[in-house]
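Step one of this worksheet: look at the structure below.
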There are 2 protein chains.
Amino acid sequence: MTEPAQAKVDMEKLVSLCRRRGFIFPSSEIYGGLSSCWDYGPLGVELKRNVKDAWWRAVVQQRDDMVGLDSSILMHPQVWRASGHVEGFSDPLVECKGCHLRWRSDELEGDKCPECGGELTEPRLFNLMFKTFIGPVEDEASVVYLRPETAQGIFVNFENVLNTTRKRLPFGIAQTGKSFRNEVTTGNFIFRSREFEQMEIEYFVKPGTDKQWFEYWVEERLNWYASLGIKRENLKLRPHAKEELAHYARECSDINYLFPMGWAELEGIANRGDFDLVQHAASSGKGLSYYDEEAKEHIVPYIIEPSAGVDRTFLAVLCDAYDEDEAEGEKRVLLHLHPDLAPIKAAVLPLSRKEHLASFAQEIYADLRQQWMVQYDDAQSIGRRYRRQDEIGTPFCVTVDFESLEDKQVTIRERDSLRQIRVPIESLKSTLAAKLAGEDLFVLPEGGKIWKE
Amino acid sequence: MTEPAQAKVDMEKLVSLCRRRGFIFPSSEIYGGLSSCWDYGPLGVELKRNVKDAWWRAVVQQRDDMVGLDSSILMHPQVWRASGHVEGFSDPLVECKGCHLRWRSDELEGDKCPECGGELTEPRLFNLMFKTFIGPVEDEASVVYLRPETAQGIFVNFENVLNTTRKRLPFGIAQTGKSFRNEVTTGNFIFRSREFEQMEIEYFVKPGTDKQWFEYWVEERLNWYASLGIKRENLKLRPHAKEELAHYARECSDINYLFPMGWAELEGIANRGDFDLVQHAASSGKGLSYYDEEAKEHIVPYIIEPSAGVDRTFLAVLCDAYDEDEAEGEKRVLLHLHPDLAPIKAAVLPLSRKEHLASFAQEIYADLRQQWMVQYDDAQSIGRRYRRQDEIGTPFCVTVDFESLEDKQVTIRERDSLRQIRVPIESLKSTLAAKLAGEDLFVLPEGGKIWKE
């Protein structure tokens with residue numbers, strides 16, 4: 001976060017847009033909120049679903065070497081002992097003897113409280129796992145943890161997946177899901193919160209091929225962000241130095257994004273070696289290995305882990321899409337969202353609320369809704385309605401006017417280019433489908449014409 | 001659960017199929033499992049995603065009067081005091097003084113331990129909410145709960161959604177997500193577990209119209225299950241008697257399904273009146289109301305709540321789809337899954353592993369995978385491969401034979417009817433798309449012919 005580069009939008013503007021348009025609300029807001037927990041509103045939930053679906057499509061559906069998984073948040077406590085989390089997943093915490101605020105001592109520059117200058121206690125290690133109790137008695141025997149990462153659910157299912165899918169190396173297991181970390185310091189909107197969602201891949205390879213697969217995945221993941229329209233200059237690879245590698249990692253690179261507060265981690269890609277399978281094999285007494293048909297021997301695969309945050313990707317997508325320009329004679333805020341990610345794919349806008357036009361437009365709306373998330377808006381001027389859709393990243397507006405009643409044609413307006421095209425209603429769906437799939441707007445459907453440029 | 005009717009499949013068979021084919025594994029199985037937690041395997045995660053997507057499409061995307069939400073699992077503790085959960089969400093628990101097993105006293109028939117006949121303690125109330133601690137100090141001030149239902153996240157966001165979407169009554173808010181209940185008694189596979197996933201709608205209506213909307217939603221939800229192919233005779237409505245209504249409910253009906261263990265709740269539909277908004281308004285000091293433009297007054301909407309379980313729907317879908325018959329001269333197990341729900345939409349099966357045929361078939365596979373979840377299987381006889389796909393509910397198999405190399409045609413085999421049709425490769429995708437959308441297999445594409453009946 002020491003680079004001079006600047007993001008295009010500041011966090012305040014983004015938070016305000018998210019709040020105002022229903023992307024993200026503070027959790028339990030009527031009760032004053034809950035520290036660093038967030039709720040995704042009507043538009044946010046769609047964008048978040050689209051991010052996760054795009055990831056799933058790219059890493060599970062479209063690949064031959066990957067399968068999905070959905071493991072539970074509550075796991076056997078032994079999992080977290082074997083993984084090293086019970087012992088070592090902690091931050092050093094200090095408390096001010098004067099004002100009693102708490103701080104992470106490894107993030108402090110001096111040895112006095114940054115708030116009041118008071119004296120600090122000696123640091124003590126504070127485990128970041130949330131704990132709870134299964135069953136009616138709160139004793140040590142029934143302690144379980146909320147998972148701090150989804151990855152362990154994949155490792156402990158390695159054999160189950162291998163036996164039921166008969167996959168051969170190299171292959172991967174992918175999952176999305178909530179994780180929880182009782183962070184001492186949170187903040188930067190949804191960037192670091194105590195409850196968050198992950199998209200994790202554990203990719204199992206033959207030892208010796210791990211270095212090349214590590215590099216493959218770094219490239220692959222960078223390409224994925226670019227495929228969602230994120231500008232390459234806002235992404236930067238940060239390889240970890242040897243001394244900062246986690247205990248389980250042989251090599252690690254972060255994909256950083258230029259957020260409003262500076263460059264920060266979007267995804268981490270690690271070569272975990274055989275650490276996880278060896279640990280769980282030793283701890284469970286099960287032989288977690290793979291029979292190599294060629295070499296006729298059991299081997300313990302190495303693991304490459306591309307681990308991304310859903311909330312961080314959401315934030316990066318919004319930052320990257322944010323723009324301000326002039327359109328149709330007015331200033332506008334707009335989100336250049338990739339059509340796959342846009343919460344609303346099209347808006348149907350009747351030029352008037354008059355009964356016969358409204359019912360005609362409603363029919364078109366009802367038909368499009370069968371296939372996509374679509375909005376209907378008949379409030380205020382057409383310009384105001386375009387502005388509202390631009391601001392939430394809707395790629396296409398479908399305007400229905402009085403001429404539409406006669407010629408059975410409607411106007412499609414494109415968010416980014418502002419160009420308009422008039423198409424027969426019977427080809428509206430196929431035209432929108434083609435455009436949402438990235439085809440050029442100006443390949444005219446039969447009977448269509450460019451309206452204005 | 002007192003009816004004589006019998007489900008077609010017993011639970012043991014279903015659990016075994018789920019385990020063997022990778023639908024569901026016991027959580028943390030290498031560590032002996034974690035009581036009543038389950039992991040969804042490669043096929044299970046796809047089926048579960050399909051169930052949730054089908055629900056979202058029907059209740060959010062395709063409706064004009066509904067929006068989505070994704071609120072956090074950790075909420076302000078005051079939410080659960082206002083809702084009545086801290087005070088009243090508990091079961092009466094007794095412990096055997098002899099063997100120390102614990103029971104729900106309201107489920108016991110006698111007053112002796114069912115296990116050893118020992119004497120039982122007096123019942124004490126045991127709260128079903130899991131609790132944990134935010135921040136580094138475990139004291140009462142920092143206690144938070146894992147939500148026992150997603151509904152409260154909707155109620156506390158009522159105003160946020162109203163203000164950002166400008167919806168008018170009647171309208172609904174829908175969300176899916178994990179909930180947690182520290183149940184004393186769990187069991188029946190994924191039917192009752194401590195971590196589970198919900199699909200909840202809170203539908204806000206004008207007081208006085210609540211009875212008609214309650215009836216509307218009962219009908220609508222029954223139709224939804226039928227639309228997924230669940231047989232109507234396995235669904236039964238069970239209206240609650242006055243004396244069994246929850247304290248917040250004016251009326252309630254369960255949609256019960258004939259599970260292997262008997263009739264049990266799949267979904268509950270409740271008329272909650274104004275209970276929730278009144279409680280949260282009083283507790284938060286915010287005026288949670290709606291301005292009625294016609295009557296020119298603020299009103300507190302009534303709420304109709306159709307609340308379904310993802311895991312229970314998953315289980316019902318599997319039970320309902322399970323079948324055994326004879327096919328192609330062999331006994332087979334098959335799942336008559338609706339194409340929208342089937343984890344794998346099609347399997348590509350080359351008749352031989354010979355290089356030129358294999359690469360030809362792989363090309364077809366790679367192309368289909370861009371659009372759908374598809375498997376490639378070249379192991380063992382074609383009969384064995386059909387059996388494997390039937391058992392996981394794959395609606396279509398695409399067989400590639402040596403003639404395909406010459407005539408550029410492949411055979412599509414339909415899971416349920418066993419009919420086969422031969423189609424040109426260039427119309428394979430459109431044919432599959434039409435069939436997956438429910439069109440008749442025997443509307444032949446150009447150049448296609450029925451192979452055998």
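Details
- Among the residues of the range B:221-238, those that are in contact with a strand residue (DSSP E or B) (Cβ under 7 Å, 6 or more places away or on another chain) and charged (D, E, K, R) comprise B:Arg221, B:Lys236, B:Arg238.
- Residue match in the range A:144-154 (condition: among the basic types (Lys, Arg), surrounded by 17 or more Cβ atoms within 10 Å (Cβ to Cβ) and modelled with pLDDT under 95): no
Yes or no, residue by residue, for (1) within 28 Å of A:Trp372 (Cα to Cα); (2) touching a residue at least 24 places away in the same chain (Cβ under 8 Å); (3) not acidic (Asp, Glu):
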{"position": "B:Asp39", "(1), (2), (3)": "no, no, no"}
{"position": "B:Leu43", "(1), (2), (3)": "yes, yes, yes"}
{"position": "B:Glu46", "(1), (2), (3)": "yes, yes, no"}
{"position": "B:Val51", "(1), (2), (3)": "yes, yes, yes"}
{"position": "B:Trp56", "(1), (2), (3)": "yes, yes, yes"}
{"position": "B:Val60", "(1), (2), (3)": "yes, yes, yes"}
{"position": "B:Met66", "(1), (2), (3)": "yes, yes, yes"}
{"position": "B:Asp70", "(1), (2), (3)": "yes, yes, no"}
{"position": "B:Leu74", "(1), (2), (3)": "no, yes, yes"}
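- The set of residues in the range B:353-395 being of a type in the set (Lys, Arg) and under 27 Å from the mean Cα position of the chain (by Cα) consists of B:Arg369, B:Arg387, B:Arg388.
- Top-ranked residue in the range A:61-86 [being in a loop (DSSP other than H, G, I, E, B) and acidic (Asp, Glu); ranked as farthest from the other protein chains (Cβ to nearest Cβ)]: A:Asp65
- Filter result (assigned to a loop (DSSP other than H, G, I, E, B) and touching a Leu at 6+ places or on another chain (Cβ under 9 Å)) within the range B:32-55: B:Leu34, B:Cys37, B:Gly41
- Set A:Val144, A:Val161: member being over 27 Å from B:Val144 (Cα atoms), of a type outside the set (Gly, Ala, Ser) and within 13 Å of chain B (Cβ to nearest Cβ): A:Val161
- Residue among B:Arg422, B:Arg413, B:Arg388 that alone is basic (Lys, Arg) and within 14 Å of chain A (Cβ to nearest Cβ): B:Arg388
- Of A:Thr399, A:Thr394, all but one fail to be among the polar types (S, T, N, Q), within 19 Å of A:Leu17 (Cα to Cα) and either out of contact with any Phe, Trp or Tyr (no Cβ under 9 Å at 6 or more places or on another chain) or more than 14 Å from chain B (Cβ to nearest Cβ) (or both); the exception is A:Thr394.
- Of all residues making up the range B:423-453, the number that are among the basic types (Lys, Arg) and either part of a helix (DSSP H, G or I) or modelled with pLDDT of 90 or more (or both): 2
- Residue among B:Ser36, B:Ser105 that alone is among the hydroxyl-bearing types (Ser, Thr, Tyr) and either in contact with a strand residue (DSSP E or B) (Cβ under 6 Å, 6 or more places away or on another chain) or more than 10 Å from chain A (Cβ to nearest Cβ) (or both): B:Ser105
Table: residues versus (1) crowded, with 16+ Cβ neighbours inside 10 Å; (2) touching a Ser or Thr at 6+ places or on another chain (Cβ under 9 Å); (3) hydrophobic (A, V, I, L, M, F, W, C); (4) more than 9 Å from every other protein chain (Cβ to nearest Cβ).
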position	(1), (2), (3), (4)
B:Lys345	yes, yes, no, yes
B:Glu363	no, no, no, yes
B:Ala366	no, no, yes, no
B:Tyr376	yes, no, no, no
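- The numbered conditions (1) more than 18 Å from A:Arg332 (Cα to Cα); (2) part of a loop (DSSP other than H, G, I, E, B); (3) within 14 Å of chain B (Cβ to nearest Cβ) are all true for A:Gln380 except (1).
Quick grid of which residues meet (1) assigned to a loop (DSSP other than H, G, I, E, B); (2) buried (at least 17 other Cβ atoms within 10 Å of the Cβ); (3) within 12 Å of another protein chain (Cβ to nearest Cβ); (4) charged (D, E, K, R):
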| site | (1), (2), (3), (4) |
| --- | --- |
| B:Val94 | no, yes, yes, no |
| B:His100 | yes, no, yes, no |
| B:Glu115 | yes, no, no, yes |
| B:Met129 | yes, yes, yes, no |
| B:Glu138 | yes, no, yes, yes |
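- Just so you know, in the range B:11-31 the residues that are assigned to a loop (DSSP other than H, G, I, E, B) and at the interface with chain A (Cβ under 7 Å from one of its Cβ atoms) include one that is farthest from B:Asp325 (Cα to Cα), and it is B:Ser28.
- Test: B:Lys8 is surrounded by fewer than 16 Cβ atoms within 10 Å (Cβ to Cβ) and either more than 8 Å from chain A (Cβ to nearest Cβ) or touching a helix residue (DSSP H, G or I) at 6+ places or on another chain (Cβ under 8 Å) (or both): yes
- Some residue of the range A:66-81 being modelled with pLDDT of 95 or more, within 30 Å of A:Leu288 (Cα to Cα) and surrounded by fewer than 17 Cβ atoms within 10 Å (Cβ to Cβ): yes
- Only one of B:Lys211, B:Lys231 that is under 17 Å from the mean Cα position of the chain (by Cα) and either without any contact (Cβ under 8 Å) to a residue 40 or more places away in the chain or more than 14 Å from chain A (Cβ to nearest Cβ) (or both): B:Lys231
- The range A:370-385, residues that are within 22 Å of A:Ala434 (Cβ to Cβ) and touching a Lys or Arg at 6+ places or on another chain (Cβ under 8 Å): A:Gln371, A:Trp372, A:Met373, A:Val374
- Residue selected from the range A:280-299 under the condition touching a helix residue (DSSP H, G or I) at 6+ places or on another chain (Cβ under 7 Å) and surrounded by fewer than 19 Cβ atoms within 10 Å (Cβ to Cβ), by the criterion farthest from the other protein chains (Cβ to nearest Cβ): A:Gly287
- Complete set of residues in the range B:145-167 that are without any contact (Cβ under 8 Å) to a residue 12 or more places away in the chain and not hydroxyl-bearing (Ser, Thr, Tyr): B:Asn160, B:Asn163, B:Arg166
- Single unsatisfied condition, B:Glu265 versus (1) surrounded by 20 or more Cβ atoms within 10 Å (Cβ to Cβ); (2) in contact with a helix residue (DSSP H, G or I) (Cβ under 8 Å, 6 or more places away or on another chain): (1)
- Which listed residue is facing another protein chain (nearest Cβ under 9 Å) and either under 21 Å from A:Ser142 (Cα atoms) or in a strand (DSSP E or B) (or both), from B:Gln175, B:Gln198: B:Gln175
- The strands (runs of 3 or more DSSP E) located wholly in the range B:235-315 include none with 3 or more residues which are free of Cβ contacts under 8 Å to residues at least 12 places away in the same chain and over 14 Å from B:Phe158 (Cα atoms).
- Among the residues making up the range A:23-33, those that are in contact with a strand residue (DSSP E or B) (Cβ under 6 Å, 6 or more places away or on another chain), without any contact (Cβ under 8 Å) to a residue 40 or more places away in the chain and surrounded by 23 or more Cβ atoms within 10 Å (Cβ to Cβ) are A:Phe25, A:Ser27.
The values are calculated or read from the model by the stated rules, or taken from the named source; none is laboratory data. Only a predicted model underlies this, so the values are computations on that prediction, with no experimental measurement involved. Every residue, glycine among them, receives a Cβ derived from its backbone with ideal geometry; neighbour counts consider all protein chains shown.
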